[in-house]
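For reference, the structure discussed in these notes is given below.
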Amino acid sequence: MSESPHARTVGRPVHLSRMLGVFRYSGNALRLVWQTSRRLSLVFGLLTVVAGLLPATVAWVGRFIVDRVVALQASTVVEPELAGLLGLVALEGLLVATLAASQKGIEVLQHLLRARLGHRVNVMILEKALRLPLSRFEDSDFYDRMTRARREASSRPLALVRKTFAILQNAVSLVSYGVLLIAFSPLAVAVLVVAAIPAFIAETRFAGQAFRLFSWRTTEARQQMYLETVLAREDYAKEVQLFGLGPELLRRYRAIFDAVYGEDRDLTLRRGAWGYATGLLSTAAFYGTYAWIVTAAVRHQITLGEMTMYVMVFKQGQSAFSAMLSSIGGMYEDNLYLSNLYEYLDSETPPPRRGATEGPRPGDGIRFENVRFTYPGADRPALDGVSLHLRPGRKLALVGHNGSGKTTLIKLLTGLYEPDQGRITLDGLPLPEWDEAALRQRVGVIFQDFVRYQMLVGENIGVGDVDRIDDEAAWVDAATRGLAIDFVRRLPRGFHTQLGRWFRDGQELSGGQWQKIALARAFMRSRADIVVLDEPTAAMDAEAEARIFEHFRAATADKLAILISHRFSTVRMADEIVVLDQGRVIEQGSHAELMTLQGRYAHLFELQARGYR
Ligand code: ADP
């Protein structure tokens, strides 16, 4: 991560703005809570004010109790006055009970809000993810931001709200203490405030340092997180065990911790020492004021009741201050989280495209017109100068070395990426002018890295057409065409067998079986008239592949089918073959034509055929 040199040398001038910076996202967090539940938020606010006011009220009533007791001790007629005094005691008891109720209420509300707020933030994050263009997922910084946003979504926003409310509550308390204390001496109020300032400054300073330490460390945290994933996830376990990678990875994990721990320890020690020193200062302030109040009482400047009240108010005022301090300290981290969350939520997403549902020349198929495409951050185009015309009903095979641009061509054709030069049209209309949903309906693609959903077998097929994801008749039909039906029927619970290892009774399939599921998924998309298979049969034996393509041809007779394969026995069956090399089309034609050409295709074909002889 790039570290701004400025950040390390931030000094006093910006100290104030940094102190205020901790409130930067409180507004956003409060708005979130408000939108999550107005009723809960209102009650939360009300209880906070009540809990803030009551301690001073209790101290105030206590003062009258003590004064009455002192007066009654000196008096001879006690009985008639006693009832009133006991009434005051009962009132104080009632106030304390109310205080406890409001504190408990705040706790309960926080519990309820935590669940709802966490859920809301998670939904916001996921909704945003749905609208992100594919290229965002391939941008590591951005992906990182999303991961961080998700990681603490259920706790951070509430933590920030809680601290904001705690500050509010303590501020209300402090004002009410101040109102009582000012009657004794404005100077005492000043002492209360001034004695808290060093602690306040020290605390915000250290919290700021901790905050910056934390944000510099995202890289280390990421590395640690990655190592944790590799060490503890089922899909990595096989290789980690066989290669004996465990101890080495764990050593790296420890090394990162050790490096980070040193800095943490230094900061914690300094923070502790300063905390103690500033704590001593407030203790001194307290006992100084205590001595002053006691002297005033002895000199009859104040009553005994007032003395108890002032001492209590001063003491509680100090704890309210330190409670505020610790809230402020913790807010830095919550702010870090929220700034990250809002950065993510505010990142730009293209609006969903509304456009045409048909083109001016139906039946024209797909045209690539001098298309060039470069991946973000790459220095060479992955496709360059590609022009092709693919007509409905034709079967096209794409051939080329790894990295020659075959998958990229498919990603462009399906609109996952847009070309930086040239254009791609469907039925005579450029892809960006198509309605997104209409376009998606017309194209069915199975990529070589298709997703193996940890769901039921049937659902794994059904995802091919989300409208019919639970349609069992469609599952059977698609599985039959994808040649998956035989092995699915043999599974313990047929189409209702759970796949993958994440959930109970999950069953693992072989690579070839998974590919048959993926093929069935493509056949689910019966409404699509363009079907693309990107190396769907690489893990199957040659015989199964040949059978599948017979099927595939028959099932897609009137459709445009595009196939990527490294097996020339399959490729030769296509009507048209396109040979890609380093992002360019170098040969194009039928098998017979390309063989006569005696170029790259013929060479590769001969090479493979020789292997089989
Ligand atoms: P093929 O499917 O023919 O094996 P690809 O279309 O996947 O080839 O890749 C073409 C080129 O684009 C390769 O050089 C590859 O490294 C690069 N490439 C592929 N995917 C990405 C990506 N997501 N980001 C950056 N470069 C990529």
Acute angle (nearest 10 degrees) that the helix 156-181 long axis makes with the longest principal axis of the chain, alpha-carbon atoms: 10 degrees
Among GLN224, ALA210, LEU174 the positive-end extreme of the charge dipole of region 101-233 (Cβ point charges): GLN224
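Which sequence of VAL298, VAL61, VAL172, VAL108 reflects their accessible areas, 1.4 Å probe, from the largest down? Before the final figure, lay out the partial values.
Working: VAL298 105, VAL61 5, VAL172 35, VAL108 80 Å².
In descending accessible area the options line up as VAL298, VAL108, VAL172, VAL61.
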Accessible area of ASP266 in the full protein assembly, 1.4 Å probe (Å², nearest 10): 80 Å²
Accessible area of the chain belonging to carbon and sulfur atoms, whole % at 1.4 Å probe: 58 percent
Sorted peptide list for 549-560, 310-321, criterion being average Cβ within 10 angstrom, highest first: 310-321, 549-560
Nearest-ten-degree value, helix 26-36 long axis tilted from longest Cα axis of the chain: 70 degrees
Computed over the chain, Kirkwood Rh from alpha-carbon pairs, angstrom: 30.8 Å
Rounded accessible area of TYR276 (nearest 10 Å², 1.4 Å probe): 150 Å²
Restraint check, LYS395/LYS516; LYS128/LYS395; LYS128/LYS411, Cα-Cα greater than 26 Å: LYS128/LYS395
Cα coordinate range in region 366-612, projected on the principal axes (Å, largest first): 51, 47, 37
Degrees, to the nearest 10: 140-151 long Cα axis against longest axis of the chain: 50 degrees
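Quick check on region 7-345: take the gyration tensor over C-alpha atoms, sort the square-rooted eigenvalues as a ≥ b ≥ c, and tell me if it's rounded (a/c under 1.5), prolate or oblate. Don't jump to the answer; show the numbers that get you there.
Values: a/c = 2.83, a/b = 2.05, b/c = 1.38.
It is prolate, given that a/c is not under 1.5 and a/b is the larger ratio.
Output the relative contact order of the chain, whole-number percent, from Cα pairs under 8 angstrom with separation of 6+ residues.
Numbers: 801 pairs, mean separation 85.2, N = 613.
Once divided by the residue count of the chain, the mean separation gives 14 percent.
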Spin-label zone in region 407-421 - amide nitrogen under 17 Å from a point set 7 Å from the Cα of ASP139 along the C-beta vector: 416-420
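Order TYR25, TYR261, most accessible first, counting only protein heavy atoms with a 1.4 angstrom probe.
Working: TYR25 35, TYR261 105 Å².
Result of the area sort, largest leading: TYR261, TYR25.
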Debye log10 I(q)/I(0) at q = 0.14, 0.17, 0.22 Å⁻¹ for region 21-127, Cα point scatterers: -0.70, -0.86, -1.12
Descending principal axes extents, region 406-534, alpha-carbon based, whole Å: 51, 25, 23
Whole-number accessible area per residue in Å² for the chain, which is evaluated in the context of all protein chains at 1.4 Å: 52 Å²
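The values are calculated or read from the model by the stated rules, or taken from the named source; none is laboratory data. Computed from a predicted model, the values in this text were never measured in an experiment. Note that we place each Cβ from the backbone using ideal geometry, even for glycine, and neighbour counts take in every protein chain shown. These accessible areas exclude ligands, DNA and RNA; they are computed on the full protein's heavy atoms, side chains included. Shrake-Rupley method; radii C 1.70, N 1.55, O 1.52, S 1.80 Å.
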